[in-house]
Amino acid sequence: MDKLKELFERIEQFQKEIEELGMHANVTITVNLTRGNTSGTQIPDLDLAEINELPWQDKNKQPAQPGKWGWIFSEAKSHADEHYALVERLSHAIVRAKGNLELGEYTFSFSGAKSQFINRKPRKL
């Protein structure tokens, strides 16, 4: 697991270096962990109130109601500038949580053939 943590840190450093050059890098990596302990894996700080302000849609592509299932595109570049960083942090957090991030009243996960969506599903507390 230390190797995985080291890899994520190197990727984050790579993205910072590219941004310092005035460019943008959007690196998305999906990792499916099947062995080992992930207790040392850090998950970015996320604010559920901010996440709820993202443009969640229902299955009919209408605005999803609070507390209900919804989806957004997982690529940060698909979102308006004010949501870009948050979607990127949420995507990273889902990866680091092995594909299912439980936060507040929701479980967040990827869906689609290329993980191009983030799903928000209410969970039983």
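Taken together, the values in this text are just the output of simple stated rules run on the coordinates, not laboratory data. Predicted model only: the values in this text are computed from it and were never measured. Using ideal geometry, Cβ is built from the backbone for each residue, glycine included, and neighbour counts are taken over all protein chains shown.
For this structure, a couple of remarks:
- Charge tally in the Cβ shell below 12 Å around residue 109, where Lys, Arg are +1 and Asp, Glu are -1, residue 109 excluded: +3
- Members of 68/98; 16/68; 16/59; 16/124 lying beyond 32 Å, as alpha-carbon distances in this model show: 16/68; 16/59; 16/124
- Annotation: aspartates and glutamates with alpha-carbon distance below 14 angstrom to residue 114 (same-chain offsets under eight excluded): 75.
- Rounded to the nearest 20 debye, dipole of the stretch 40-125 from Cβ charges on Lys, Arg, Asp, Glu: 540 debye
- Under 13 Å from the Cα of residue 121 - aspartates and glutamates, other chains or at least 8 residues apart: 58, 102, 105
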